[in-house]
Amino acid sequence: MFTSVDIDPSGQVVTFTPKNQSQSPLRFHAVWMRDNAPDPDTKSVSNGQRLITLHDIPEAITITKAEVLDDRVKITFSDRDLAVTYDASWLEENAYDRGHGHGALWFNPSLSLWDGEARLPEGDYRQVMTQDVAKRDWLDGLARYGFAKLSGGPVESGALIDVAEIFGYVRETNYGKWFEVRTEVNPVNLAYTGLGLQAHTDNPYRDPVPTMQILYCLENAAEGGDSIVVDGFHCIQRLMEEDPDAAELLSRYCARFQYQGSAGVALQSRRPMIETTPDGEVICIRFNNRSSAAFTDIPFDDMQAYYRAYRRLGEWIDDPAMQIAFKLEPGECFVVDNTRVLHARKGYTGEGHRWLQGCYPDKDGLLSTLSSMRNRGSS
Ligand code: NM2
Ligand code: OGA
Ligand code: ZN
């Protein structure tokens, strides 16, 4: 992996030269190397957690000796006599000395952005619930597309919780551990009517926002009531392509959202419609016409342009070419990444009943279950 290693005169930086000559040398700081030492006094052997704090590493730490041994490297630090051995492959995987060149806004490369032509992941209830490979593939699709459908489940109240529990934990909210989506008298939320709902993310007024949603169908005999999903990240990408300043405006300023539809509940948040990390990775979209509050955090001079950007984003979201529509049958459900994929429903009327149940599992559970299944190469 590496042919040689060199310590700079200050002792604060080591440079490894890769065997593959087309790759540039990799530099690491002494403090970084010491902080990430894999020895048993630094990291617990049983759980991998770090046993020391940064205070335990002298600020003036240096590297006094460095050697390459096949696929490992041996490093000695100024704070102790012990040499620490690292896997060269671990250092390569965790190197920070290669380009960080991203555009202004960017998306995690593990995601596949999609439009109305896509074939989205689907699974069979029994297979996904009982077979590790079917489960892993279905969860993998869910993480990659931010959406997955499941068919052939029981037509039983509460079955959605069994689906959530194969990958994570349900977050309880003022709507309950799960909620009934059906027409109600005096609805506390427009979801509990037969009205059509523009594509939206749920609960942008909640901080932290629910990261996933399951909508599980028990009855769908009314006329209409079709579901629609749309990839919010792809809509953001389209907006960036046609007008980067518009996307930037929606990420720079906070919108406001609120819900106070039932007694004892007054939820509100101040967050951008396009949320990014400090280095510009798009990590969350919040979009919900019913729950937007008055925007008060956009300077006067930018408000007109902000509304133009908001309108344009909404036009991409409403564009049928970006959307996938389907009608859920009893025993079918879908799961969406509520930080990325928006869902809509067409209005419904008529004699027949429509009854869905919904809940909000957290995405950390999905990603954790999936990584651990991948690590053990579930078969
Ligand atoms: N329900 C279905 O975010 C929203 O207010 C959408 C959520 C009421 C839990 C509806
Ligand atoms: C919701 C919602 C969709 C539907 O409850 O949040 O969007 O199909 N419902 O009823
Ligand atoms: Zn919703």
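Taking 77, 326, 257 as the candidate residues, the one with maximal mean-square fluctuation in a Gaussian network model of the chain, Cα springs under 10 Å, is 77.
Computed from the Cβ-Cβ distance with R0 of 22 Å, the FRET efficiency linking residue 177 to residue 266 stands at 0.55. Computed on the chain, with alpha-carbon pairs under 8 angstrom and 6+ residues apart, the relative contact order is 22 percent.
Would you work out which of 348, 167, 133 lies farthest towards the positive end of the dipole of the chain? Charges go on Cβ: Lys and Arg +1, Asp and Glu -1. Value computed over the given set: 348.
At an R0 of 56 angstrom, the distance between the Cβ atoms of residue 349 and residue 375 translates into a FRET efficiency of 0.65.
Taking every Cα-Cα distance in region 150-207 and sorting them into 10 Å bins starting at zero, the pair-distance distribution P(r) comes out as 17, 42, 38, 4 percent.
Counting 0.36 nm for each residue step from residue 300 to residue 321 and taking away their Cα separation leaves a gain of 4.1 nm. In region 67-124, Cα pairs under 8 Å separated by at least six residues give a relative contact order of 19 percent.
At 1.4 Å probe size, with the rest of the protein present, what percent of the exposed accessible area of region 38-190 is carbon and sulfur atoms? Its accessible area is 46 percent carbon and sulfur atoms. Within the chain, the longest run free of trypsin sites (Lys or Arg not before Pro) that sit in a DSSP loop with at most 14 other Cβ atoms within 10 Å is 178-326. Structure remark: mean-square fluctuation, Gaussian network model of the chain, C-alpha springs under 10 Å; the largest value among 21, 198, 323 belongs to 21. Rounded to the nearest 10 square angstrom, residue 130 shows an accessible area of 100 square angstrom against a 1.4 Å probe. Our Cα-only numbers for the chain put the radius of gyration and Dmax at 25.3, 82 Å.
Under a Gaussian network description of the chain, with springs only between Cα atoms under 10 Å, the residue in 123, 168, 99 that fluctuates furthest is 99. The aspartates and glutamates within cross-link reach of residue 65, meaning a Cα-to-Cα straight distance under 13 Å and a gap of 8 or more places when in the same chain, are 6, 8, 79, 81.
Dipole orientation for the chain: of the candidates 14, 101, 304, 304 has the Cα lying most toward the positive pole (charges on Cβ; Lys, Arg +1; Asp, Glu -1). Name the residue farthest towards the positive end of the dipole of region 200-292 from the options 268, 288, 208, assuming +1 on Cβ of Lys and Arg, -1 on Cβ of Asp and Glu, about the Cα centre. Going by the charge dipole, the pick is 268. Taking every C-alpha pair closer than 8 Å and separated by at least 6 residues, the mean separation divided by the residue count of region 65-201 gives a relative contact order of 12 percent.
Rolling a 1.4 Å probe over the protein heavy atoms gives region 178-254 an accessible area of 37 Å² per residue. Taken about its Cα centre, the chain carries a charge dipole of roughly 440 debye when the Cβ of each Lys and Arg holds +1 and the Cβ of each Asp and Glu holds -1.
If R0 equals 22 Å, the separation of the Cβ atoms of residue 221 and residue 127 corresponds to a calculated FRET efficiency of about 0.25.
Measuring between alpha carbons in the structure, the pairs from 19/43; 149/327; 327/363; 43/135; 149/177 lying more than 23 angstrom apart are 19/43; 327/363; 43/135.
The values are calculated or read from the model by the stated rules, or taken from the named source; none is laboratory data. Only a predicted model underlies this, so the values are computations on that prediction, with no experimental measurement involved. Cβ sites come from the backbone with ideal geometry, for glycine too, and all protein chains shown count toward neighbours. Quick note on the areas: whole protein, heavy atoms, side chains included, nothing else; ligands and nucleic acids left out. Shrake-Rupley method; radii C 1.70, N 1.55, O 1.52, S 1.80 Å.
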